[in-house]
Every structure is written in structure tokens, then in C-alpha cells.
1. What pairs come up if the first residue lies in the range 39-62 and is aliphatic (A, V, I, L, M), the second is at pLDDT below 90 and surrounded by 15 or more Cβ atoms within 10 Å (Cβ to Cβ), and their beta carbons are under 6 Å apart, counting only those six or more places apart or on different chains?
2. So is residue 299 free of Cβ contacts under 8 Å to residues at least 60 places away in the same chain, in a strand (DSSP E or B) and open to solvent by 10 Å² or more (accessible area, probe 1.4 Å) or not?
3. Go through the range 174-194 residue by residue and tally those that are farther than 24 Å from residue 21 by Cα and open to solvent by 80 Å² or more (accessible area, probe 1.4 Å).
4. How many of the residues in the range 317-367 are of a type outside the set (S, T, N, Q), open to solvent by 80 Å² or more (accessible area, probe 1.4 Å) and either touching a Gly at 6+ places or on another chain (Cβ under 8 Å) or free of Cβ contacts under 8 Å to residues at least 40 places away in the same chain (or both)?
5. Within the range 48-62, take every residue that is touching a Leu at 6+ places or on another chain (Cβ under 9 Å) and open to solvent by less than 60 Å² (accessible area, probe 1.4 Å) and give me the one that is farthest from residue 329 (Cα to Cα).
6. Which of the residues belonging to the range 1-41 are open to solvent by 60 Å² or more (accessible area, probe 1.4 Å) and not in a loop (DSSP other than H, G, I, E, B)?
7. Which count do you get for residues in the range 253-289 that are part of a helix (DSSP H, G or I), of a type in the set (Gly, Ala, Ser) and surrounded by 23 or more Cβ atoms within 10 Å (Cβ to Cβ)?
8. With the requirement that a residue be open to solvent by less than 40 Å² (accessible area, probe 1.4 Å) and over 15 Å from residue 12 (Cα atoms), what does the range 102-112 give you?
Amino acid sequence: MAQYKKVVLAYSGGLDTSIIIPWLKENYGCEVIAVAANVGQADELDGLEEKALKTGASKLYIEDLQDEFVEDFIFPTLKAGAVYEGLYLLGTSFARPVIAKRLVEIAKAEGADAICHGCTGKGNDQVRFELTIKAFAPTMPIIAPWRIWDIKSRDEEIDYAEAHNVPLKINRETNYSKDKNLWHLSHEGLDLEDPANEPKYDEILEMGVSPEQAPDVPTYVTIHFEKGVPTAVNGVSMKGADLVKELNKLGGANGIGLADIVENRLVGMKSRGVYETPGGTILYHAHDVLETLCLDKATQHYKQQIALKFADIVYDGQWYTSLREALSAFVDKTQETVTGDVKLKLYKGNIINAGVASPYSLYSEEIATFGEDDVYDQNDSAGFINLFGLPIKVKALLDEKKLK
């Protein structure tokens, strides 16, 4: 192994990163500086400094990145309408670049000669962290213990932790692999590794309840958007992070935002995960509704194609690329008129439209009405159909001729 004097570690206090601190010191004899990014995981940060120092870190940075996370990553992705494989709202995916960017900043400030992460060699996060590190520190060495140590499973990780007196908040029976931030919570592993098993929602949910346990009366919520960005809930203006948290409460209480997915990982395998994204699910629905009112057909349909590519870019850890920046510029242009209010009814896991209004609405009741109007001549449609259907007619005439 190469030798390093000072290593900056992406530290969450979870199983992987908890044992990496003593492992780094054992194998490299280096100083370990732990960096914990606050992206809204709340109580997971409690007691983290004491734990990191007792485990062998020389210091712990706790960086509050919540506002940057929401404003610079979540909202641009929301505006794009990007959803990975139809269901996944990219909660883990776009949290990684904001964390990795800060890791590089601290590593440079500390004069560190390597950055370490606890991502497994089977997952997507190793790519997301390392591509961001390459974008800001292209020559910085990266240590990925899962790719080089002898530990082969989470059970063996627990064995290592117990042998090195590393305190853990989990046990072997509740050893789900989880990722939590203010946007979502993911659950993987244990019984979920078999797609045939129904998730034990009553046991695993943390951000809300199952639809069966939600209230028997609906909750109404109105969200205001300015140029595609949500700015207020029920008439109360809020900064982005607070707005997401408020919608998490409303959505979670009504069983909104549960997704059980078998997804295609970037590294080639399929994986099964259960995601909780209550506030995000509400925001995506509301944003889509508002766009139906404010975007013309050609722009709306083309943007849907862009959304698929945007989702792949985010999922694959390519946030800091020219293509992502170019697509975001396109998206921002489409959002110039996406301003207005969307009213929704939340009821037992369902989001039901309850009204939408915008000063830039392209909907005209006068034109669309089934009643009498003076602005649309229905006779015009005959000529339109003749021209629109001309290729079909020509082909049919040719087919008839061939049969004679």
C-alpha cells in the first residue's frame, strides 16, 4: 500500500465509516480527519464527534450543507422532472456530489494527501464520490477500503467493530443498509434482497406511515412555484430546506412517497431498494401539474425526453459535467413561465389534483369549451385533417393500386 500522512474521510458514523477510522490507522499509520456532511439526516449526527474521536479521528468537521443541497442539486433536478427508471427520485444520487465537493475543499485546506470513502465496490456511490473528487482535485489519491480490505460482508464488519471496540447503533438483525437525508430515506439488504418479500413497512418506515395507517380524512396542501422553484406552502414563504421538511411531515403523515424498486445499478447489477420520499413525491407531482398549464406541447414533450437523460446523469454521478450544465440551461429556459399555485389532496398514499392556477397559463376556457364560442371555427379542422393525414392517404392509395 502507498503511505499517506493525512487522510480526509467521508464519515457518517454508520457501520462502514465507523470501522474505516481504525482500519486506516492500522494500515497506513496516518492521521484521519473525519468529515460529516449535514444533508438533513437529523439525529444521526447526535454524538458523532465523540464517537469519531474515540474511534481514532484527530478531528471531525460537521458541515451544514442543507441549503446548498436543496438549492443547487434538488431543485435543479426537480425542475428537470428527472426520475430514474420511472420511480426513483434520486435521493442518494444527488447528495453525493455536494458532499464530495466539500470533502475536496477540506482536504485542500488541511493539506491532506488522500481522500477516503466507505462505498462498496458493488454500488453506485463509489462512482458518484470519485467523479466529483476528480472534477475538483484530479490528482488526489482516493482510498476505497471495500475494494482492498479482507472484509467481505456486513457481518464481518460487525465482527471487526466488536474486536476494535467501535460502538454501533445497529445489530445483526436490524442491519439494513440505509441512507438518510432531508429528501429521502433508503432501505436495502436483509429480507429486502429477495424481491419476492413484501417490505415490513410497519417496522422500517421512519419518515411517515404506511397508507393503511394514514388518516381517514384528506389533507389539502397548496404549493406556490416561482420559475419552477417551490417557494411557499399554504401561503407561507419558506426557504428550500424548510419547505421540503414541511412537505415531508404532511406527506409522511398521509402515507405518501413509498417506492419499492428493483433498479439497474450503474455497475451492472440489479438491486432492490425501498425508498421513502414524502415531500419530494408531492413536489414532483405539483411541478408536473403546473407544467401542463404553462408549457406548450412541443416544449413539454421534448423536456420529457431531456428528463430521462438528466436522471441518468444524476444517477451516474456526472453532475459536474458540461452536458449536465447544458441541460440545466435548457431546463431553466423552460421554467421562465412555470409560476403559479398547485392545490393537492393527500389521502392514504394518493396525491389527487385539487386545482391549479398560473398567470402564464396557456389554457383557454374560451377555446376549449364544449359550449358556444366565437374564437374557434370548427370547419378549419377539416383542412387540417386532410393535410395531416395526407401521408396515410397516399400510402393507402398505393397499397390499393398494388392489389389490382
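1. Qualifying pairs under 6 Å: 48/13.
2. On the way: free of Cβ contacts under 8 Å to residues at least 60 places away in the same chain: yes; in a strand (DSSP E or B): no; open to solvent by 10 Å² or more (accessible area, probe 1.4 Å): yes.
Here the answer is no, as residue 299 does not meet what is asked.
3. So the answer is 1.
4. 9
5. The extreme case among them is 56.
6. Our first condition is that a residue be open to solvent by 60 Å² or more (accessible area, probe 1.4 Å); within the range 1-41, this holds for 1, 3, 5, 12, 25-26, 29, 31.
25, 26, 31, listed by residue number.
7. So the first thing to find is which residues in the range 253-289 are part of a helix (DSSP H, G or I), and the list is 253, 278-289.
If we keep only those that are of a type in the set (Gly, Ala, Ser) too, we end up with 253, 279-280, 286.
Still in the running and surrounded by 23 or more Cβ atoms within 10 Å (Cβ to Cβ): 279-280, 286.
Looking only at that region, the number is 3.
8. Taking the range 102-112 first, the residues open to solvent by less than 40 Å² (accessible area, probe 1.4 Å) are 103-104, 106-107, 110, 112.
Answer for the range 102-112, where residues must be open to solvent by less than 40 Å² (accessible area, probe 1.4 Å) and over 15 Å from residue 12 (Cα atoms): 104, 106, 107, 110, 112.
The values are calculated or read from the model by the stated rules, or taken from the named source; none is laboratory data. The shown structure was predicted, so the numbers you read here are calculated from the model rather than taken from an experiment. Here the Cβ is made from the backbone with ideal geometry for all residues, glycine too, and neighbour counts use every protein chain on show. Just the protein is used for accessible areas: all its heavy atoms, side chains included, with ligands, DNA and RNA removed. Shrake-Rupley method; radii C 1.70, N 1.55, O 1.52, S 1.80 Å.
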